Amino acid sequence: MHTTDLIGRLLSALDDASPTAVVDVVEQFLHEAFGARGSDVLVIDYDLDMLTPLPRQASPLGGGTPVDGSDAGDAFRTQEIVQVSSPKGARVFVPLTLRAEQLGILEIELPAATSASDLLPDLAHVGTCVAHVLQAVVPLSDVLEGARRHEPMALAAEMQWALLPIRAFECTAFGIAGQLVPAYEVGGDMFDHAMGRESLLVTATDAMGHGLRASLLTTLAVNTLRNARRSGASIDAQAATADRTLNTQFGGDQFVTALIMEVDLATGEVDVVNAGSPPAYRINGGAVETVKFEADLPLGMFGSTPYTVQHSTLRSGQRLVLVSDGVLEAEPRDGGEPYGDRRLEGALLATRHLRPHEAVRLIAAGVRSYRNTQLRDDATIVCLDWK
């Protein structure tokens, strides 16, 4: 059957099904179209560490598969189909990804009589179709959303994740990915990105304090910046609006640091407003350069701060990484020096050849491992590749 007909059949079946029946519908389709003996839809958790099967209508949730050291994890990390053959048949692991937003893996068991290699192009199209459907139906069901969690999530973190854009995106001009750490306790950190007709806007913010109050502060700051941006305001005007709004609501007692960056998609010219953020890091070949922008006051302190637009340039092949101070200040549980610039620069060099989503995943895992327990302060990592 032609691939277009296959996808049409699958989309029609999924459109008619309950959000909680995705696994059953996909499995029935794969059996009828490819003779598959079984399948699972594995979704990635918030920490990007574990792939967990979505529950079926008639069965409980299964156990998870670690990203590191598994065939499913290899497919997830490399974003390539992995095929494992045996005398009984073949297991095929297909990435479920939308423009670099990694949702999980489609695991398929094919019988020995099937030539799995011949089916890989069609299975890749099926994976893209399932990814589109997952993006639409996961927010509709708490059962599906629960598969992404391996521990209870704090209310502040729940609010932050609901506020985030997609975690990764790629196109011909750039690739971008970001992550919040630790996933289940994050309270004040946030990143945002939006692509316009002629520019890419990226922000990284860090609210004062921790927990629910910091999350409320972040929610107001991010939505104020988005509202100003969508109204056509320049980045300095966006910052001024957020400064005024936060000061009005919190009286100057609470503030948010922010780096607001707009990149011209045609030239790579960068405009930046720095409201008290840490420096950025630019990776060019085998070298890491600290990019410091003069800091204006954080958002919300006085409500009338003038914000200055500074300028830089991204060249083809360069990577820009933004981090919050929670990365640099992470300390080992048993004492010792903070994670710091030296370790971060080593991690940036070690991951420089990886795509942004995998680089961010490994850097975040390294920070968590160095801390060896929950971070005292939450942290943000954003990686932008300029192509």
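Give region 218-255 a look and list any residue that's aliphatic (A, V, I, L, M), assigned to a helix (DSSP H, G or I) and without any contact (Cβ under 8 Å) to a residue 60 or more places away in the chain, or say none.
If the condition is that a residue be aliphatic (A, V, I, L, M), assigned to a helix (DSSP H, G or I) and without any contact (Cβ under 8 Å) to a residue 60 or more places away in the chain, then L220, V222, L225, A228, A237, A242, L246 are the ones that fit.
Can you go through V272, V202, V222 and tell me which one is in contact with a helix residue (DSSP H, G or I) (Cβ under 9 Å, 6 or more places away or on another chain) and within 30 Å of H150 (Cα to Cα)?
The unique qualifying residue is V222.
Output the number of the condition that V222 fails; it satisfies all remaining conditions of (1) over 19 Å from the mean Cα position of the chain (by Cα); (2) crowded, with 19+ Cβ neighbours inside 10 Å; (3) of a type outside the set (F, W, Y).
Just one mismatch for V222, condition (1).
Quick one: in region 147-162, which of the residues that are part of a helix (DSSP H, G or I) and in contact with a strand residue (DSSP E or B) (Cβ under 9 Å, 6 or more places away or on another chain) is surrounded by the fewest Cβ atoms within 10 Å (Cβ to Cβ)?
Here the residue is W161.
Table: residues versus (1) assigned by TED's automatic domain parsing to the domain that holds F169; (2) out of contact with any Lys or Arg (no Cβ under 8 Å at 6 or more places or on another chain); (3) of a type in the set (D, E); (4) crowded, with 20+ Cβ neighbours inside 10 Å.
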| residue | (1), (2), (3), (4) |
| --- | --- |
| L48 | no, no, no, yes |
| L51 | no, yes, no, yes |
| G63 | no, yes, no, no |
| G73 | no, yes, no, yes |
| T78 | no, yes, no, no |
| L106 | no, yes, no, yes |
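What number goes with the only condition from (1) in contact with a strand residue (DSSP E or B) (Cβ under 9 Å, 6 or more places away or on another chain); (2) more than 30 Å from A237 (Cβ to Cβ); (3) without any contact (Cβ under 8 Å) to a residue 40 or more places away in the chain that G336 does not pass?
Exception for G336: condition (1).
Could you please find all residues in region 278-312 being farther than 17 Å from I260 by Cβ and out of contact with any helix residue (DSSP H, G or I) (no Cβ under 8 Å at 6 or more places or on another chain)?
Let us first name the residues in region 278-312 that are farther than 17 Å from I260 by Cβ, namely 281-290, 302-304.
Hits for region 278-312 are R282, N284, G285, A287, E289.
Yes or no: region 351-361 includes at least one residue that is out of contact with any strand residue (DSSP E or B) (no Cβ under 6 Å at 6 or more places or on another chain) and either among the hydroxyl-bearing types (S, T, Y) or under 14 Å from V288 (Cα atoms) (or both).
For region 351-361, residues out of contact with any strand residue (DSSP E or B) (no Cβ under 6 Å at 6 or more places or on another chain) and either among the hydroxyl-bearing types (S, T, Y) or under 14 Å from V288 (Cα atoms) (or both): present.
In region 64-95, what count of residues is obtained for those that are aliphatic (A, V, I, L, M) and touching a Phe, Trp or Tyr at 6+ places or on another chain (Cβ under 9 Å)?
6
Just a yes or no: is a residue in region 188-197 assigned to a strand (DSSP E or B) and more than 15 Å from the chain's Cα centre (by Cα)? Quick ask: steps written out before the conclusion?
So the first thing to find is which residues in region 188-197 are assigned to a strand (DSSP E or B), and the list is 189-195.
Now drop any that are not more than 15 Å from the chain's Cα centre (by Cα), which leaves 195.
Yes: one or more hits.
Identify, please: which residue in region 19-43 is in contact (Cβ under 8 Å) with a residue 24 or more places away in the chain and polar (S, T, N, Q) and is, among those, farthest from P55 (Cα to Cα)?
In this case the residue turns out to be S39.
Going by the structure shown, is V202 in the same structural domain as S316 (by TED's automatic domain parsing) and modelled with pLDDT under 90?
Values: in the same structural domain as S316 (by TED's automatic domain parsing): yes; modelled with pLDDT under 90: no.
Here the answer is no, as V202 does not meet what is asked.
With (1) exposed (fewer than 14 other Cβ atoms within 10 Å of the Cβ); (2) modelled with pLDDT of 95 or more; (3) not charged (D, E, K, R) as the list, and Q57 as the residue in question, which single condition is left unmet?
Against the list (1) exposed (fewer than 14 other Cβ atoms within 10 Å of the Cβ); (2) modelled with pLDDT of 95 or more; (3) not charged (D, E, K, R), Q57 comes up short only on (2).
Name the residues in region 287-333 that are within 24 Å of G187 (Cα to Cα) and acidic (D, E), would you?
Listed by number, the residues that qualify are D296, D325, E329, E331.
Mind checking which residues of region 101-146 are in a strand (DSSP E or B), within 27 Å of the chain's Cα centre (by Cα) and either of a type outside the set (G, A, S) or at pLDDT below 85 (or both)?
Of everything in region 101-146, those that are in a strand (DSSP E or B), within 27 Å of the chain's Cα centre (by Cα) and either of a type outside the set (G, A, S) or at pLDDT below 85 (or both) turn out to be E101, Q102, L103, I105, L106, E107, I108.
Confirm whether R352 is at pLDDT 95 or above, under 21 Å from the mean Cα position of the chain (by Cα), part of a loop (DSSP other than H, G, I, E, B) and closer than 30 Å to D74 by Cα.
Values: at pLDDT 95 or above: yes; under 21 Å from the mean Cα position of the chain (by Cα): yes; part of a loop (DSSP other than H, G, I, E, B): yes; closer than 30 Å to D74 by Cα: yes.
Criteria met by R352.
Can you confirm whether region 189-209 contains a residue that is among the β-branched types (V, I, T) and without any contact (Cβ under 8 Å) to a residue 40 or more places away in the chain?
no
Return the residues of region 256-272 that are over 14 Å from A207 (Cβ atoms) and assigned to a strand (DSSP E or B); say none if nothing qualifies.
Result: I260, M261, E262, V263, D264, E269, V270, D271, V272.
Which one is modelled with the lowest pLDDT, of the residues in region 60-82 that are more than 17 Å from R355 (Cα to Cα) and among the aliphatic types (A, V, I, L, M)?
Once the filter is applied, the top-ranked residue is L61.
The values are calculated or read from the model by the stated rules, or taken from the named source; none is laboratory data. Quick caveat: nothing in here was measured; it's all calculated off a predicted structure. All Cβ positions, glycine included, derive from the backbone under ideal geometry; neighbour counts span all protein chains shown.
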